[in-house]
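One structure below.
The values are calculated or read from the model by the stated rules, or taken from the named source; none is laboratory data. All values derive from a computational prediction rather than experimental measurement. Here the Cβ positions follow ideal geometry from the backbone for every residue, glycine too, while neighbour counts run over all protein chains shown.
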Amino acid sequence: MINLLCSVLLICITQQAICSHLSKHPVLLTVSFDGFRYDYMSKADMPTLRVIQEEGVSVPYMKAQFPTKTFPNHQSIATGVYPDIHGITDNTVYDPMYGKKLSGFSDDPAFWNYSPDVIPFWIRNEQAGEKRFSGCYMWAGSTQRYGPAQLLPTYYIPKYNGSVPWEERVETVISWMTDPDKPANMVFLYHNEPDSRGHTSGTDDPETIAEIKKVDQRVAHLVQRLKASGIYEKINLVILSDHGMQNVHKENMINTTGFADPQTYFRNGNSPVFHIKPKNKNDTAQIYEAFRTASIGKNFSVYRKNDLGHLKYGKSRRIADIVLLADPGYGFEDLRFNDAGVTGVHGYDNNNQNMTAIFMARGPNFKRSFKSSVPIENVDLVALFSKIMQVPLPNTAFNGTAKTVSEFLTTANASSNRLNWNMMGVIISIAVLRISMEYL
């Protein structure tokens, strides 16, 4: 009996020591699973994610920004502004200020540092001071310095490496949150699936379904490790994605190479968005008209740069004079298909339902069992982060709204709740110790 009580006491003391290392501020862990479409939950058994939905907050879907691609949308989640404003207008861009193509895949600082006024929330969190610390695990753009002060988060991974096991990623972010000297109160964690599998196999292939199931297994492991560390009930957990996915069949490929004289323009981007930059400005109208005429009945649209306002797109210097946009389910000649003649594509008009993402959250700052009937946009999330972290909204640019996300939050003081949990741990430890003494 004494050994049992001592073991219980040791567990209580250990968890109490770990919890005491949490930040004095509310703690938020945001996890992104790339390309997890809004309806993927219905394609497989997802017990862990279902529990998080039922215990916490969920929405029908989260609207991505155009173009519905990885780098633009992860930056919109982090900054609360449209790609037109933060400048990550595609995964690769041509920037006339530098006179060259820039890519997020190569982590080029010029690609990410478009405007000194656009600061990701992990930097804003630390700028608020009072021992706030941020961590980013392979989140797009997190290895770059931002703002006039050229700031980095306290914790980050210097180079993207998709081969790092999920288990290692989880242990690292937990160590950041429980660091005795600089406990992170804001952490962003990224995983590239099921996006990668969706591209190669399409949305309905058994291998994609298996990868969707693995997402739930990864979240289950994360939850288990958070519980084992004694912090699951004390932190806020957000699970989301950046965009959806759409099947394209080989017969729906559109070859644009003969629509206008290829010697008269440069092409940038990939399906379903092509940026067309005339070599000579005087040829713009002629090139536009050639593509527009060819688009009739061909399942793609042609826009002048200033005609993209309905997509909140077209102001940035990185957007070409002419933009080609394929209809959902169609793509251009750059696509590569699997043996079944299928590929997965995203980047379409963000009003297309298949481009929408997931969002769910639980924790001390979130209401319990709150199922919203209203979707949100990913630019709204900075307002959510700001309210939880008690960090002011950006005073330069913000394209989201706090209206819907404010309804997700409880009025209880999460820091006080955590202190109550800590006090309970102390009381239990003392009680076990007294019982043990009686047996000695």
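Kindly evaluate P72 against the criterion of being surrounded by 24 or more Cβ atoms within 10 Å (Cβ to Cβ) and in contact (Cβ under 8 Å) with a residue 12 or more places away in the chain. The answer is yes for P72. Among residues of the stretch 24-46 that are more than 30 Å from A128 (Cα to Cα), those with a Cβ under 8 angstrom from a residue that is in a strand (DSSP E or B) and not hydroxyl-bearing (S, T, Y), sequence gap 6+ or separate chain, pair up as G35/G344; F36/A357; R37/A357; Y38/M62; Y38/A357.
Please go through the stretch 316-336 and pick out each residue that is of a type outside the set (A, V, I, L, M), over 23 Å from the mean Cα position of the chain (by Cα) and surrounded by 16 or more Cβ atoms within 10 Å (Cβ to Cβ).
D321, D327, G329, Y330, G331, F332
Whether a residue is buried (at least 17 other Cβ atoms within 10 Å of the Cβ) and in contact with a Gly (Cβ under 9 Å, 6 or more places away or on another chain) was assessed, and N299 does not pass this test.
Among the residues of the stretch 253-290, count how many are farther than 19 Å from D90 by Cβ and either touching a residue at least 24 places away in the same chain (Cβ under 8 Å) or out of contact with any strand residue (DSSP E or B) (no Cβ under 7 Å at 6 or more places or on another chain) (or both). So the answer is 20. Criterion applied to P60, P153, P148 was being surrounded by fewer than 22 Cβ atoms within 10 Å (Cβ to Cβ), modelled with pLDDT of 95 or more and part of a loop (DSSP other than H, G, I, E, B), and the one residue passing it is P60. One residue alone among V223, V187, V173 is assigned to a helix (DSSP H, G or I) and closer than 21 Å to I77 by Cα, and that residue is V173.
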